[in-house]
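K.L.:
Take this structure first; my questions come after.
The values are calculated or read from the model by the stated rules, or taken from the named source; none is laboratory data. Since the model is a prediction, treat every value here as computed from it, not as a measurement. Virtual Cβ from ideal backbone geometry, glycine too; neighbours counted across all protein chains shown. These accessible areas exclude ligands, DNA and RNA; they are computed on the full protein's heavy atoms, side chains included. Shrake-Rupley method; radii C 1.70, N 1.55, O 1.52, S 1.80 Å.
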Amino acid sequence: MMMKMLLCSHAKTLEEYRRAVQRRVGCFWGAAALGAATLGVTLLLMGGQIAEPADAAYLQGVWCGIGAGLIAAGVLLALRTRRLLKDESALRQEMLKEQDERNLAINQRAQGAAAALGLVLLYIALLAFSFIDLTVFKTLCCCALVFMLLFLGAKAFYSRRM
């Protein structure tokens with residue numbers, strides 16, 4: 001659902017939509033390849049060099065899980081989307097469903113609510129960690145700064161494009 005929302009298409013015709021869906025398949029295979037690279041790097045290179053031995057085992061488990069999840073999700077979504085490309089009526093229905101104004105409005109509201117809630121939670125974490133750990137506080141400050149810069153960049157980009 002999230003991947004589809006991030007890769008949404010504003011195609012006017014079914015053929016444009018078909019090309020957009022084919023690009024999605026490439027993105028899904030790219031996510032699977034990223035997962036395989038993550039898994040490979042984790043299994044081959046991570047062995048205790050970046051952290052204490054107890055922490056290294058935990059980090060290997062986390063990164064192996066992320067890599068395996070990306071592989072599974074990428075392959076599953078790519079195969080499901082390729083099957084969709086073979087069925088003309090299902091492709092047309094998916095195009096109508098994806099471009100439905102109500103669904104677009106729901107996605108836009110959900111993105112705004114998630115961003116606002118994320119900023120509130122980031123503020124609370126900044127406040128809490130300012131008393132607990134200065135390193136985590138500085139890291140969260142950098143995350144907040146990056147988020148704000150990305151927001152300003154996206155706003156400038158879309159104000160010129162729309």
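K.L.:
For the chain, what is the mean residue ellipticity at 222 nm derived from helices alone (per DSSP H run of n ≥ 4: -39500 (n - 2.57); sum divided by total residues; nearest 500 deg cm²/dmol)?
P.N.:
Working: 6 runs with 142 residues, N = 162.
For the chain, the value works out to -31000 deg cm²/dmol.
K.L.:
With all protein chains present, calculate the accessible area of SER130 using a 1.4 Å probe and round the result to the nearest 10 Å².
P.N.:
50 Å²
K.L.:
Calculate, for the chain, the solvent-accessible area per residue in square angstrom, rolling a 1.4 angstrom probe over the heavy atoms of the protein chains. Can you show the working numbers first?
P.N.:
Values: 11780 Å² over 162 residues.
That works out to 73 Å² for each residue.
K.L.:
Also: Which one, LEU122, ALA110, GLN93, is farthest towards the positive end of the dipole of region 87-147 when Lys and Arg carry +1 and Asp and Glu -1 on their Cβ?
P.N.:
Farthest along the dipole direction, towards plus: LEU122.
K.L.:
Which of rounded, prolate or oblate describes the chain when judged by the alpha-carbon gyration tensor and an a/c cut-off of 1.5? Display every interim value, and only then the final one.
P.N.:
Values: a/c = 2.82, a/b = 1.34, b/c = 2.11.
It comes out oblate by the Cα gyration axes.
K.L.:
Extending each Cα 7 Å along its Cβ direction at LEU85 and GLU16, get the distance between those two points in nm, one decimal.
P.N.:
Calculated label separation equals 2.0 nm.
K.L.:
Treat every Asp and Glu Cβ in region 37-162 as -1 and every Lys and Arg Cβ as +1, leave all other atoms uncharged, and give the resulting dipole magnitude about the Cα centre to the nearest 20 debye. Numbers along the way, then the final one.
P.N.:
Working: 12 positive and 9 negative charges, 112 e Å.
For this selection, approximately 540 debye.
K.L.:
Normalising by the residue count of the chain, find the relative contact order in percent from Cα pairs under 8 Å and 6+ residues apart. Before the final figure, lay out the partial values.
P.N.:
Details: 98 pairs, mean separation 33.9, N = 162.
Dividing the mean separation by the residue count of the chain yields 21 percent.
K.L.:
Related question: Roughly how many nanometres apart are two label points built 7 Å out from the Cα toward the Cβ at VAL62 and ASP133?
P.N.:
1.0 nm
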